[in-house]
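For reference, the structure discussed in these notes is given below.
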Amino acid sequence: MKNFIYASLTGIFLAISWPTYGFPLFIFFAFVPLLLTEFQIRNHSKSRIKLKVFALSYLSFFIWNLITTYWVSYSTLFGGSFAVLANSLLMALVFLLYHIVAKRTGFSAASAFLVSIWMVFEKIHLNWDFSWPWLNLGNVFSEYISWVQWYEFTGTFGGTLWIWLANIAIFKALLQYREFREKSIIYRAVFKLALLIQIPITGSLILYYNYQEPKETLDVVILQPNINPYTEKYNTTDTRIGELLFDLSKKSLTDSTNLIIAPETVFADGTQLSNFNNSEAVFFGRQISRIQPELSFLGGLSMYDRFSDPAKVRKQTNQLGPNDWYDDYNSAFLVKNNTDNTQLYHKSKLVVGVENFPYQNILKPILGNIMIDLGGTVAMKTTQEDREVLWLNDSIGTAPIICYESVYGEYVTGYVQNGADFLSIITNDAWWGDTQGHQQHLSYARLRAVENRRYVARSANTGISAIINARGDIVQKLGYEEKGSIVGSIGLLSEKTFYVKYGDYIPRIAQFLALFIFLFSIVKFRRNRP
């Protein structure tokens with residue numbers, strides 16, 4: 001019962017640390033009860049040790065996943081259940097792997113392995129087909145952005161490392177105190193922990209308060225049409241949508257407005273790629289951009305390309321029948337004033353089970369079409385390799401980040417490496433209702449602002465639309481389910497941060513350390529066997 005309570009406490013502490021309702025100070029000791037439980041089982045249990053460790057760690061992570069991401073079930077019960085159960089399972093397996101290594105090595109090696117293997121797990125979660133990095137530990141500080149301004153050097157993996165170092169420091173101190181019963185151990189531990197937490201925060205605050213606004217700016221209008229995706233979006237023609245966007249734009253424009261931004265797939269009729277330049281989306285984009293000089297329009301649309309040429313078939317291509325294929329796109333496009341040229345980008349980080357059927361060749365024969373799209377289609381989305389920058393003119397470019405892509409740190413740096421002066425996020429967060437889903441999604445965009453030191457202009461169909469400055473502050477926002485627009489200025493920056501240049505170097509180091517310690521533990525265990 002004691003171990004059960006300890007494991008539950010870890011799940012609760014992790015959950016109440018999480019944005020946007022929680023306080024992240026809890027996360028610095030959240031893992032300690034579970035670590036103590038594992039240590040107790042490892043040293044005192046005589047049977048079914050691995051099963052106990054796995055079961056209790058699964059309990060911890062299940063509580064955490066359930067409380068923080070239950071809202072996924074608002075769009076699909078299967079998707080929500082799968083996300084909670086599967087992610088808890090993966091986390092429990094990572095902790096079980098730590099337990100196996102801890103039995104064969106000393107405290108320092110086991111602790112280093114735990115930190116490293118957890119970061120390897122988070123890195124895998126950013127890249128494989130079952131990608132779900134929503135609960136990567138470094139995301140926890142998104143509402144306390146003044147604590148982690150140094151993410152411009154480390155990305156969110158710096159936060160993951162910081163959290164684990166604090167938890168292991170407390171864990172070690174408690175073990176030492178249980179053995180020696182000396183109060184001086186606690187005093188030293190409290191002092192060291194205070195320094196471990198306070199020094200990064202102090203350094204961050206120095207960066208935060210010495211931040212200077214960029215001199216060059218761009219005036220934008222961010223549209224929030226507030227179209228219900230369940231009852232309106234797919235039952236409303238692109239013509240009516242275009243008229244709505246045109247009216248919203250005219251009401252909000254100022255003489256100095258340079259860019260109007262509309263949300264993800266706001267044009268949802270399904271435009272054929274070959275007919276893109278003659279589509280309603282481009283027609284209304286041009287109509288809006290011609291309202292006044294030097295005005296551009298950026299928005300989202302659904303597209304497809306149907307063909308019979310087998311040479312065009314790609315990994316994500318969908319087949320309708322013999323020699324009948326199509327590619328399905330979730331795209332962003334930009335129309336510039338007084339030009340017939342249009343620019344196009346296809347979303348490339350896809351939502352599992354929504355836009356991407358993971359490991360389709362293996363799972364589809366088993367599962368069929370069990371993974372149903374949140375937006376009403378079972379088609380696999382087709383991606384593109386490069387992070388396309390959309391250019392307003394010869395010197396100003398923006399990153400056309402579509403929805404889920406904004407959760408991926410190193411991925412977003414690709415746009416900045418290609419010349420983006422600010423980040424545009426277009427999204428539709430209405431699938432989850434008025435829950436933590438859309439609030440957390442907005443909050444994570446603040447991390448991207450700090451990592452890249454770029455302003456963010458965020459257009460969300462039902463909210464929350466926002467302007468975020470380059471230190472992660474929300475400067476302006478329009479609340480959930482409000483129809484309207486934001487009129488404001490975006491700072492333009494061209495300097496590349498350390499993180500933009502080098503990306504996720506911390507987990508790349510961690511994977512070699514984890515492999516070395518794991519192999520060392522195996523060799524040592526075999527040598528010590530009688």
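Just so it is clear, none of the values below were taken in a lab; they were calculated from the coordinates. This is a predicted model, so every value here is computed, not measured. Here Cβ is always computed from backbone atoms with ideal geometry, including for glycine, and neighbour counts include all displayed protein chains.
Can you check what the net charge comes to around Lys349, using other residues whose Cβ is under 14 Å from the Cβ of Lys349 (Lys, Arg +1; Asp, Glu -1)?
Residues close to Lys349 contribute a combined charge of -4.
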- Message: If packing is taken as the average number of other Cβ atoms within 10 Å across a peptide's residues, how do 60-72, 311-323 rank, most packed first?
- Response: 60-72, 311-323
- Item | Positive dipole terminus of the stretch 47-185, leading residue within Trp150, Thr68, Ala86 (C-beta point charges) | Ala86
- Task: With only Lys, Arg, Asp and Glu charged, each at its Cβ (+1 for the first two, -1 for the last two), find how big the charge dipole of the chain is about the Cα centre; round to the nearest 20 debye.
- Result: 3320
- Please list, or write none, the aspartates and glutamates whose alpha carbon is within less than 15 Å of the alpha carbon of Lys312, excluding same-chain residues fewer than 8 places away. Asp324, Asp327, Asp328
- Item | With 20 Å bins from 0: P(r) over the chain, alpha-carbon pairs, percent | 21, 51, 24, 4, 0
- Task: Please report, in debye to the nearest 20, how large the charge dipole of the stretch 171-220 is about its Cα centre when each Lys and Arg carries +1 at its beta carbon and each Asp and Glu carries -1 there.
- Result: 620
- Item | Simple Cβ-charge dipole of the stretch 217-492, Lys/Arg +1 and Asp/Glu -1, about Cα centre, in debye nearest 20 | 340
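Based on the mean of other Cβ atoms within 10 Å per residue, sort peptides 399-412, 85-98 so the most packed one is first.
399-412, 85-98
For a footprinting-style exposure proxy, rank Thr20, Thr156 by other Cβ within 10 Å, fewest first.
Thr20, Thr156
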- Task: Kindly rank 509-516, 4-11 from highest to lowest mean number of other beta carbons found within 10 Å of each residue.
- Result: 4-11, 509-516
- Item | Expected-Rg normalisation [2.2 N^0.38 Å, Cα atoms] applied to the stretch 6-97 | 1.13
- Query: Which of the aspartates and glutamates could be linked to Lys2 by a straight reach, that is with a Cα gap under 14 Å, when you skip same-chain ones fewer than 8 residues away?
  - Reply: Glu38
- Just how far, in whole angstrom, is the stretch 102-176 from the stretch 443-458 if you go by their alpha carbon centroids? 21
- Note on the structure: Cα-based Debye curve of the stretch 217-492 sampled at q = 0.08, 0.09, 0.12 Å⁻¹ gives log₁₀ I(q)/I(0) of -0.30, -0.38, -0.69
- Run down the lysines and flag those whose C-alpha is under 18 Å from the C-alpha of Lys347, throwing out any fewer than 8 positions away in its chain. Lys315, Lys381
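Please sort through the DSSP H helices of the chain and keep those with an alpha-carbon extent of at least 20 Å along the long axis and a Kyte-Doolittle average not below -1.0. Don't skip to the answer; put the middle values down first.
Working: long enough: 2-17 (23 Å, 1.18); 49-69 (29 Å, 1.27); 77-102 (37 Å, 1.95); 107-127 (30 Å, 1.11); 156-180 (37 Å, 0.73); 183-209 (38 Å, 1.21); 238-252 (21 Å, -0.45); 436-452 (24 Å, -1.18); 505-528 (35 Å, 0.96).
Both cut-offs are met by 2-17, 49-69, 77-102, 107-127, 156-180, 183-209, 238-252, 505-528.
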- Cβ-based charge dipole, the stretch 217-492, positive-most Cα from Ser274, Leu492, Leu447: Leu447
- Query: Short version: ³J(HN,Hα) in whole Hz for each residue of the stretch 342-349, in order, from phi by Karplus 6.51 cos²θ - 1.76 cosθ + 1.60 (θ = phi - 60°), x for Gly and Pro, what are they?
  - Reply: 10, 10, 9, 9, 9, 3, 10, 9
- Item | At 1.306 mPa s and 10 °C, Stokes diffusion of the stretch 380-509 via Kirkwood alpha-carbon radius, µm² per second | 106
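Of the beta bridges DSSP finds with both residues in the chain, what % are antiparallel, to the nearest 5?
Given both bridge residues lie in the chain, the antiparallel proportion sits at roughly 65 percent.
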- With θ set to phi - 60°, apply the Karplus curve 6.51 cos²θ - 1.76 cosθ + 1.60 along the stretch 135-149 and write out the HN-Hα couplings as whole Hz, x wherever there is a Gly or Pro. 9, 4, 4, x, 5, 5, 9, 5, 8, 10, 5, 6, 7, 10, 4
- Query: Which listed residue (Ser289, Phe246, Asn418) has the Cα farthest towards the positive end of the charge dipole for the stretch 217-492, taking +1 on Lys and Arg C-beta and -1 on Asp and Glu C-beta about the Cα centre?
  - Reply: Asn418
